[in-house]
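These notes are about the structure you will find just below.
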């Protein structure tokens, strides 16, 4: 299962590595990252393209898990259209 | 997309930012922040990088409990958090002090316990230079904290601490780490801006989902309530008990759920899963509706997941919406405060008297037996008698191994806070530090630590802490001179290839305890058990009962790994 996650978050020390670590620990592999540099304390957006590793891991659940991180304000994911595009 | 996540409000109701003048040291700000949060006890161990905070502690209202290893500080803080519902606080220096906290932080994370862990750090200018006792504790703990901070200025301390405590205790609780470089605690504040104390709440339960759940309950003929640690976390036992009583449905608990309903409650079938009761596992297998409350379909509870509750529709209720559908997709998922949800589940099943009777018959038919042959101490019987004699104010803290499962199976619990166990991480060495934390959190309780001869050695130095503070912890050490649960698995799943389980060269534990200044005695025969229980419960100070048990005794039933819960192994009599 591939998915594209768009994560809105407040820039803070460790914020990006916290999100990337969570994605990998929850059984997904990050295949593409798009992010813009922002000063600390500002809101920014991180776009991740991920693919599920072994087992049936749901991007819906992954989005909720990222969404509960402190400093993350919004997570959307677009697995269907991304799949179509990838195909 | 994220509507179910806990919501952050900019300020708590009635919360006003504290007025903090400039020119205050960072260490003083730390102490004042802790006092503002209502902290009374801190568990810790001093060292170089955290010394400014220890300097500021003297003269404060905070009571510091000096443990003998930082892991014990974190585990005691964990127990404090479980008993009080408020964050337990642990404090350590940089480097090894900080890394020694890691197991305790992970323990709190796995079991969703509110905790604030404070670590010293080398001065900011030295960070990243491999300085003496420098370690990246922020990076090390990223996967096992709810959130973490490196404080960069004394001015940030009040706001960061307020946010850390709000995070630790809100939504699904968990540990929060605050790393304090030494120059920050030594430095003086210059300008502390206004800030608002954050406040988080759980999402409002979805009314349509509740309606749908009520319809499922009304239509069910064999409903089953399956509850877990979320009941203790959410302080939802009143709502759970009311729900169980008004619906009359049979119920099962996870390891962490024990105490949510009293052990002797009508229709309660005990723990489910790997070492659960046969009655509980059969009920799960047969039910047509499974109402999961504050549990997460953990592998120890479900066995082989695709065989779990095969005939059931599922209603999953959890404070953390990210748990809903993670492992089992429910027919209805409801995120939110468990009390609110349970109180709104007003649907009543039809006539389930036949189902209730079958479950009750199974409970009776497969009830544990305590008539083991021989004259040696039978641990399950001793635990049952001890917990019954101790009464309702008992808190049991467990270590990890066979004794942990025997406690879960055979002790009587009257409330969720009566059973403190390292369920998610399975931390050997949890028992005594947790007993210390529990006793300080609830001084009037009878606190009993049940440990094994493997586990006690992992934090045996904390007997010194018991002695120092004269904490009347009662310790029951079940000694089978081996790592019993590993032995059991090697016996049944590794062709009896017994590898590195022998602990027959253990020290004389009673002598060790006495060397720490703890009253202790040893028993070998079941005829000695009544007097041992009497002595344990009547002694005012800390006491250790060293009970030598048969090393061949195993924990039954047992579901083999990756098997269905219906494939329980039983003792061959």
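All of the numbers you see were taken from the coordinates with simple rules; none came from a lab. Predicted model only: the values in this text are computed from it and were never measured. Heads up, the Cβs are rebuilt from the backbone with ideal geometry, glycines too, and the neighbour counts pull from every protein chain shown.
Tabulated data for the structure shown
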| read-out | value |
| --- | --- |
| Simple label model, 7 Å out from Cα along Cβ direction - residue B:238 to residue B:299, nm | 3.9 nm |
| Label-point gap, in nm, between residue B:495 and residue B:415 - each point 7 angstrom along Cα→Cβ | 5.2 nm |
| Average beta carbon contacts from partner chains per residue of B:310-321, 10 Å cutoff | 1 |
| Dimensionless Rg/Rh of the range B:379-548 - Kirkwood Rh, Rg from C-alpha atoms | 0.95 |
| Translational D in µm²/s for the range A:2-86 (Stokes-Einstein at 25 °C, 0.890 mPa s, Kirkwood Rh from C-alpha pairs) | 191 µm²/s |
| Cβ-Cβ FRET estimate between residue B:264 and residue B:444, R0 fixed at 22 Å, reported to 0.05 | 0.45 |
| Percentage relative contact order, chain B, counting C-alpha pairs under 8 Å, at least six apart | 14 percent |
| Linear extension gain, residue B:562 paired with residue B:524, 0.36 nm per residue minus alpha-carbon span | 10.0 nm |
| Chain A, relative contact order in percent, only Cα pairs under 8 angstrom and at least six apart counted | 44 percent |
| Within a Gaussian network of chain A (alpha carbon springs, distance under 10 Å), most fluctuating of A:54, A:12, A:63 | A:54 |
| Fewest-first sequence of A:77, B:191 by Cβ atoms within 10 Å of each Cβ | B:191, A:77 |
| Cα gyration tensor category, rounded, prolate or oblate, for the range B:7-197 with a/c compared to 1.5 | rounded |
| Per-peptide average of other Cβ atoms within 10 Å, ordering B:547-560, A:18-31, B:310-323 highest first | B:310-323, B:547-560, A:18-31 |
| Computed label-point distance, nm, for sites residue A:54 and residue B:194 using a 7 Å Cα→Cβ extension | 5.6 nm |
| Ellipticity estimate at 222 nm from DSSP helix runs (n ≥ 4, -39,500 (n - 2.57)) divided over chain B, nearest 500 | -10000 deg cm²/dmol |
| Gain on full stretching of the segment that runs from residue B:124 to residue B:369 - 0.36 nm per residue minus C-alpha separation | 82.1 nm |
| FRET efficiency estimate (nearest 0.05) - Cβ-Cβ, residue B:537 to residue B:514, R0 22 angstrom | 0.65 |
| Proportion of all alpha-carbon pairs of chain B beyond 43 Å (%) | 22 percent |
| Cα convex hull of the protein assembly as shown - mean projected area over all directions, nm² | 30.1 nm² |
| Length-normalised contact order of the range B:329-423 in % [C-alpha pairs under 8 Å, at least 6 apart] | 22 percent |
